Structures are given as structure tokens and as C-alpha cells.
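> My structure is below; once you've seen it, I'll send some questions.
The values are calculated or read from the model by the stated rules, or taken from the named source; none is laboratory data. Computed from a predicted model, the values in this text were never measured in an experiment. Here the Cβ positions follow ideal geometry from the backbone for every residue, glycine too, while neighbour counts run over all protein chains shown. Only protein heavy atoms, including side chains, enter the accessible area calculation; ligands, DNA and RNA are left aside. Shrake-Rupley method; radii C 1.70, N 1.55, O 1.52, S 1.80 Å.
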Amino acid sequence: MEKLAVRRIQADEFEEMARIFKSELKGTGRILSNKYLLEKFKKFPEFFIGVFLNGKMIGAVCGSLRKILRRNFLVINELAVKSKFHGKGFGKKLVKAFEAAAESKYCEIRVGSVDKVVGFYSSLGYKPFLLIQYKKGAYSIGDFKDLKIIESYEYKEYKTFEVKQDKPDMKLLEKLRKRYPKAYFQYIFTKKL
């Protein structure tokens, strides 16, 4: 009988977690550096959680605190499960454990999603919005007047919009990427705790 455990990652397990992220997220354009992850691990160890099968780590989730416009929320920075274990519910177990760790301190979790897994976060009750970001001067807010902008802010040389979406619309995303090639588009999912 296989033994399953979902628990906090210990310091001596950090490198294995980083290897899983590197191998499973390769090609997504979103692997964070080990230096960055280690910095977050030292600050927020309770939000580095692994799933272990017979004592071996097969997946992990990690997160940290983020502040935008005087609002604090928790961000899932990375989530990965070894490919041979995909589709068995381990990713959902990791997200649920992350939410449980967050509940007593935070009221909102956000996670950016690569296109191919937007349905995963929707299935867990996360609500989407579309993030649009570009360098100041590349476009104007008027270029996006047909979208339901719920928030806009600036950080350094970037202008950022959050656009209301009831559900992810991949055709709209593709259309926007073609129309505005100098902008970055990504679905962000949020859940109130």
C-alpha cells in the first residue's frame, strides 16, 4: 500500500523541490530562480508544501506575500507535479493544503496561470481576471476601452490593467496578443478565503 503525505517542505528538501519545478515547468517561461525561491522559502516557509508518495517528493507548491495598492494577498509562485503523476489529484491536494495554510492569516490567494492549465484553477473555485501589462507609451488606456477594466496601476515603467472576466476566454486572449504584440497578457486566478 502506498503512503501519501502532504506537508511543509523542510530545508533539506528544498533542492528536490527546485529540481521538480525546473524539470516540470521547463518550456513554460515561468521558472523562478533558485535564489528567488530560497529567499521566499526563508521568509514564508509555511507556504512551501510538498506531496510525498512513499517518502519521495512528487510535487510541490510554493508561495509568498505580495502587496499591490495597499492590498496584501498571497501568491502561488510555483506549482508542479512530476508528469507521471499528472491527472491523479495531487495538484489539487497541494492547492488545498496551501489554502489551509493561508486561511488563518490571509483573505485572498492569487495565481498566474499558463494557458494550458486555466481550467485547473477554475475547477478549484478560483475566479479569473485578465492581466494586461505593457511599458508606458506602448499603448494607451483608450486602446483597451472595449474591455471591462476593474483596476489599473503603474509600477516603475509598466502600466497594468486587471480586466473582469467571468470565465477564461482563450480566443479573446489570442486575439489580444495578436492585436497588441508589445503587451503581456495572462490569466490570473483569485480566491477569497
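> Looking only at the stretch 119-128, how many residues end up being open to solvent by 20 Å² or more (accessible area, probe 1.4 Å) and part of a helix (DSSP H, G or I)? Full working, then the answer.
Initial filter on the stretch 119-128 (open to solvent by 20 Å² or more (accessible area, probe 1.4 Å)): 119-120, 122-123, 125, 127.
Okay, now just the ones that are also part of a helix (DSSP H, G or I), so 119-120, 122-123.
Residues in the stretch 119-128 being open to solvent by 20 Å² or more (accessible area, probe 1.4 Å) and part of a helix (DSSP H, G or I): 4 in total.
> Among the residues that make up the stretch 21-35, is at least one of them surrounded by 16 or more Cβ atoms within 10 Å (Cβ to Cβ) and at pLDDT 95 or above?
Within the stretch 21-35, not a single residue is surrounded by 16 or more Cβ atoms within 10 Å (Cβ to Cβ) and at pLDDT 95 or above.
> Restricting to the stretch 64-111, name every residue that is in contact with a helix residue (DSSP H, G or I) (Cβ under 8 Å, 6 or more places away or on another chain), touching a residue at least 40 places away in the same chain (Cβ under 8 Å), closer than 20 Å to Phe52 by Cα and open to solvent by less than 10 Å² (accessible area, probe 1.4 Å).
If the condition is that a residue be in contact with a helix residue (DSSP H, G or I) (Cβ under 8 Å, 6 or more places away or on another chain), touching a residue at least 40 places away in the same chain (Cβ under 8 Å), closer than 20 Å to Phe52 by Cα and open to solvent by less than 10 Å² (accessible area, probe 1.4 Å), then Glu78, Ala80, Phe98 are the ones that fit.
> Would a scan of the stretch 171-181 turn up a residue that is in contact with a Ser or Thr (Cβ under 7 Å, 6 or more places away or on another chain) and either surrounded by 13 or more Cβ atoms within 10 Å (Cβ to Cβ) or modelled with pLDDT under 95 (or both)?
Scanning the stretch 171-181 turns up no residue that is in contact with a Ser or Thr (Cβ under 7 Å, 6 or more places away or on another chain) and either surrounded by 13 or more Cβ atoms within 10 Å (Cβ to Cβ) or modelled with pLDDT under 95 (or both).
> Looking at the stretch 173-193, which of the residues that are assigned to a helix (DSSP H, G or I) and touching a residue at least 40 places away in the same chain (Cβ under 8 Å) is farthest from Ser113 (Cα to Cα)? Spell out the reasoning first.
Pass one, the stretch 173-193, residues assigned to a helix (DSSP H, G or I): 173-179.
From what is left, the residues that are touching a residue at least 40 places away in the same chain (Cβ under 8 Å) are 173, 176.
Details: Leu173: 13, Leu176: 17 Å.
So the residue we want is Leu176.
> Something else: Can you confirm whether the stretch 19-37 contains a residue that is of a type in the set (Asp, Glu) and either in contact with a Cys (Cβ under 9 Å, 6 or more places away or on another chain) or in contact (Cβ under 8 Å) with a residue 40 or more places away in the chain (or both)?
Yes, that holds for at least one residue.
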